[in-house]
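**Q** Quick one: structure below, then a few questions.
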Amino acid sequence: MDTITKLHARRVWDSRGRPTVEAEVHTSHGSSARAIAPAGASTGSGEARDLRDGGTPCGGLDVMQAIEHIRHPIAQRLVGMNIQDQAAIDAALIALDGTADKSRLGGNAIVAVSLACVHAAAAAHGVPLWQHLAGSQRVALPVPEIQIFGGGAHARGRVDVQDYLVVCPGARNFAEALEWTAEVYHAAGARLAKKGQLQGVADEGGYWPSFKSNEEGLIELTRAIEDAGFKPREDVAIALDIAATQLRVGARYQLNLENRSLSAEQFGIMLERWVDAYPIVSIEDPFAEDDVEAMQHFTQRMGHRIQVVGDDFFCTDAQRIRAAAERGACNTVLIKPNQVGTVTETFAAVQAARAAGYGTIVSARSGESEDVSIVHLAIGWGVPELKVGSFSRSERMAKWNEGLRIEDYLGTHALAFPARKLFAHTH
Ligand code: 2PG
Ligand code: MG
């Protein structure tokens, strides 16, 4: 049996220049592995809580307490455990923390340790993580969902919609999807620059635009797809993350850019009109995390045409997924390991989504690093879509490039790229 011999942690920095936690695990096999906790900006209230030190250094966001928790109580508890028993490791982390939201030890401490352990288990077998997770199952590369314009909490609210993304239903493989997205990304940038609307890039590397309305982003993105030589919808389509929890004021949805406030019903009508007018195949968090009724109604009307994705709405929680499925709210679940805290609970959310007949998308956070664990989780677990932010900045490109390496390694052993099948029903 390979056991954990040493657990260490250090402070590193994320893509927003903020402190975060890196965990490092060593095993009796001689293997070791590291993982870095990511951080969200538009977080759901049901997420595992990061432990931040408060006070003045680093704007109160320092993580030295979370690091101390890994070095002492967590290390004491985990040293000696079987590195191949991820369920037992995660159960020990959950029990040691003892809170519902992992706030005592810190969600950031727990997720870094849990991910580092699963990496070390793969390393002890001498295989990459995706292969360790897939076992004897054949795997496919996931369809990338890539941000072109960033807004919302990632661009100081410059536009209300948080993510204008593309997916490539027409691409034959992962590499082709990235190549097409690169063309669209640069075409979109050229359009903005020409019109004097390019203000740099937002937190995830998508352009920070100065649109006059939210709909202008849809017009510009559709034209960029055409400028790049693709057929909107068939080749390259639009996905949106409204992150609507951030827009909620009382019972209404506030569009600051347009200086108007809409009821849930009016907001839904606007989104339906967008789906009719633009090549949109997916909308994430179209309503706030607690607006179950609006989510249910919207899914009834639009769920046969587009992916209705829950992010803040589910917080990668298997229980929430089962409850929403009973009411027919959403048809796809965004999967973020740090929303729930451990690898075991993240996989339970994937299984709950599958049991409900829901789609799944593994996703990065807006605060990221060079850590590429999520690419391996998506491939190893057979999750057909992957959302990693934009097509610039190395914390994003590290993940796209890891997918390229795995696709290259798999060659003809890969299962069919799921893009066409995934979006066949959308119109
Ligand atoms: C989201 C994510 C990634 P954040 O809302 O889907 O885009 O953002 O990590 O800030 O929650
Ligand atoms: Mg989201």
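The values are calculated or read from the model by the stated rules, or taken from the named source; none is laboratory data. Not measured: the values here are computed from a predicted model. Backbone-built Cβ (ideal geometry, glycine too); neighbour counts: all protein chains shown. These accessible areas exclude ligands, DNA and RNA; they are computed on the full protein's heavy atoms, side chains included. Shrake-Rupley method; radii C 1.70, N 1.55, O 1.52, S 1.80 Å.
**Q** I'm trying to understand the selection: among the residues of region 249-272, which are open to solvent by 70 Å² or more (accessible area, probe 1.4 Å) and charged (D, E, K, R)?
**A** Passing the criteria: Arg252, Arg260, Glu265.
**Q** Residue by residue through region 151-181, note down the ones that are farther than 26 Å from Asn256 by Cβ and open to solvent by 20 Å² or more (accessible area, probe 1.4 Å).
**A** Narrowing region 151-181 to residues farther than 26 Å from Asn256 by Cβ: 167-181.
Within region 151-181, Arg172, Asn173, Ala175, Glu176, Glu179, Trp180 meet the criteria.
**Q** Is it the case, given these coordinates, that Ala378 is assigned by TED's automatic domain parsing to the domain that holds Ile242, more than 15 Å from ligand 2 (Cβ to nearest atom), outside any helix (DSSP H, G or I) and crowded, with 24+ Cβ neighbours inside 10 Å? If you could, list the steps in order and put the result at the bottom.
**A** Details: assigned by TED's automatic domain parsing to the domain that holds Ile242: yes; more than 15 Å from ligand 2 (Cβ to nearest atom): yes; outside any helix (DSSP H, G or I): no; crowded, with 24+ Cβ neighbours inside 10 Å: yes.
The answer is no for Ala378.
**Q** A further question on this structure: Here are the criteria: (1) of a type outside the set (A, V, I, L, M); (2) under 20 Å from the mean Cα position of the chain (by Cα); (3) more than 16 Å from ligand 1 (Cβ to nearest atom). Tell me which single one Phe298 does not satisfy.
**A** Tallying (1) of a type outside the set (A, V, I, L, M); (2) under 20 Å from the mean Cα position of the chain (by Cα); (3) more than 16 Å from ligand 1 (Cβ to nearest atom), Phe298 fails exactly one: (2).
**Q** Oh, and also: Which of (1) of a type outside the set (Lys, Arg); (2) within 14 Å of ligand 1 (Cβ to nearest atom); (3) buried (at least 23 other Cβ atoms within 10 Å of the Cβ) does Ser369 not meet, given it meets every other one?
**A** Status for Ser369: all satisfied but (3).
**Q** I would also like to ask the following. Is it the case that Ala122 is within 19 Å of Thr3 (Cβ to Cβ), in contact (Cβ under 8 Å) with a residue 12 or more places away in the chain and open to solvent by less than 60 Å² (accessible area, probe 1.4 Å)?
**A** Details: within 19 Å of Thr3 (Cβ to Cβ): yes; in contact (Cβ under 8 Å) with a residue 12 or more places away in the chain: yes; open to solvent by less than 60 Å² (accessible area, probe 1.4 Å): yes.
Here the answer is yes, as Ala122 does meet what is asked.
**Q** Here is a follow-up. Which of the residues belonging to region 318-340 are open to solvent by less than 30 Å² (accessible area, probe 1.4 Å), away from ligand 1 (no atom under 15 Å from the Cβ) and either part of a loop (DSSP other than H, G, I, E, B) or not β-branched (Val, Ile, Thr) (or both)? First the steps, then the outcome.
**A** Step one: list which residues in region 318-340 are open to solvent by less than 30 Å² (accessible area, probe 1.4 Å), which gives 318, 321, 324, 329-330, 332-340.
The next check asks that each one be away from ligand 1 (no atom under 15 Å from the Cβ); those that pass are 318, 321, 324, 329.
Passing the criteria: Ala318, Ala324, Ala329.
**Q** Would you check which residues across region 300-317 are open to solvent by less than 20 Å² (accessible area, probe 1.4 Å) and assigned to a helix (DSSP H, G or I) and list them?
**A** Met302
**Q** Here's a follow-up. Evaluate the following for Ala243: is it in contact with a Ser or Thr (Cβ under 8 Å, 6 or more places away or on another chain), closer than 11 Å to Asp160 by Cβ and either among the hydrophobic types (A, V, I, L, M, F, W, C) or not assigned by TED's automatic domain parsing to the domain that holds Ala155 (or both)?
**A** On the way: in contact with a Ser or Thr (Cβ under 8 Å, 6 or more places away or on another chain): yes; closer than 11 Å to Asp160 by Cβ: yes; either among the hydrophobic types (A, V, I, L, M, F, W, C) or not assigned by TED's automatic domain parsing to the domain that holds Ala155 (or both): yes.
Considered against the rule, which asks whether it is in contact with a Ser or Thr (Cβ under 8 Å, 6 or more places away or on another chain), closer than 11 Å to Asp160 by Cβ and either among the hydrophobic types (A, V, I, L, M, F, W, C) or not assigned by TED's automatic domain parsing to the domain that holds Ala155 (or both), Ala243 comes out as yes.
**Q** Further, regarding this structure: Would you say Glu289 is under 20 Å from Ser366 (Cα atoms), at pLDDT 95 or above and not β-branched (Val, Ile, Thr)?
**A** Numbers: under 20 Å from Ser366 (Cα atoms): yes; at pLDDT 95 or above: yes; not β-branched (Val, Ile, Thr): yes.
So Glu289 passes the test.
**Q** Taking the condition of being touching a helix residue (DSSP H, G or I) at 6+ places or on another chain (Cβ under 6 Å), among the polar types (S, T, N, Q) and closer than 18 Å to Ile70 by Cβ, how many residues in region 1-54 meet it?
**A** Of the residues in that region, 1 qualify.
**Q** Could you check how many residues of region 273-289 are open to solvent by 10 Å² or more (accessible area, probe 1.4 Å) and either in contact (Cβ under 8 Å) with a residue 40 or more places away in the chain or β-branched (Val, Ile, Thr) (or both)?
**A** As a first pass, look at region 273-289 and keep what is open to solvent by 10 Å² or more (accessible area, probe 1.4 Å): 273, 276-279, 289.
Of the ones still in play, those that are also either in contact (Cβ under 8 Å) with a residue 40 or more places away in the chain or β-branched (Val, Ile, Thr) (or both) are 277-279, 289.
Looking only at that region, the number is 4.
Condition check ((1) surrounded by fewer than 16 Cβ atoms within 10 Å (Cβ to Cβ); (2) among the hydrophobic types (A, V, I, L, M, F, W, C); (3) out of contact with any strand residue (DSSP E or B) (no Cβ under 9 Å at 6 or more places or on another chain); (4) not assigned by TED's automatic domain parsing to the domain that holds Phe287) across all residues:
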| position | (1), (2), (3), (4) |
| --- | --- |
| Pro19 | no, no, no, yes |
| Ala33 | no, yes, no, yes |
| Thr43 | no, no, yes, yes |
| Arg52 | no, no, no, yes |
| Cys58 | no, yes, no, yes |
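**Q** Are there any pairs with C-beta distances below 7 angstrom linking a residue in region 184-205 that is on the phi < 0 side of the Ramachandran plot and not assigned by TED's automatic domain parsing to the domain that holds Lys231 to a residue that is open to solvent by 60 Å² or more (accessible area, probe 1.4 Å) and assigned to a strand (DSSP E or B), with the two at least 6 apart or on different chains, and if so which?
**A** none
**Q** Take region 80-110 and flag every residue that is among the β-branched types (Val, Ile, Thr) and touching a residue at least 24 places away in the same chain (Cβ under 8 Å). Talk me through it step by step, then tell me what you get.
**A** Here is the first cut: in region 80-110, the ones among the β-branched types (Val, Ile, Thr) are 83, 89, 94, 99, 110.
If the condition is that a residue be among the β-branched types (Val, Ile, Thr) and touching a residue at least 24 places away in the same chain (Cβ under 8 Å), then Ile83, Ile89, Ile94, Ile110 are the ones that fit.
**Q** Still on this structure, please answer the following. Does region 258-275 include one or more residues that are among the charged types (D, E, K, R), within 25 Å of Pro169 (Cα to Cα) and in a helix (DSSP H, G or I)?
**A** Our first condition is that a residue be among the charged types (D, E, K, R); within region 258-275, this holds for 258, 260, 265, 272-273.
Then drop every residue that is not within 25 Å of Pro169 (Cα to Cα), which leaves 272-273.
Within this subset, residues satisfying the condition of being in a helix (DSSP H, G or I) are 272-273.
Yes, some residue in region 258-275 is among the charged types (D, E, K, R), within 25 Å of Pro169 (Cα to Cα) and in a helix (DSSP H, G or I).
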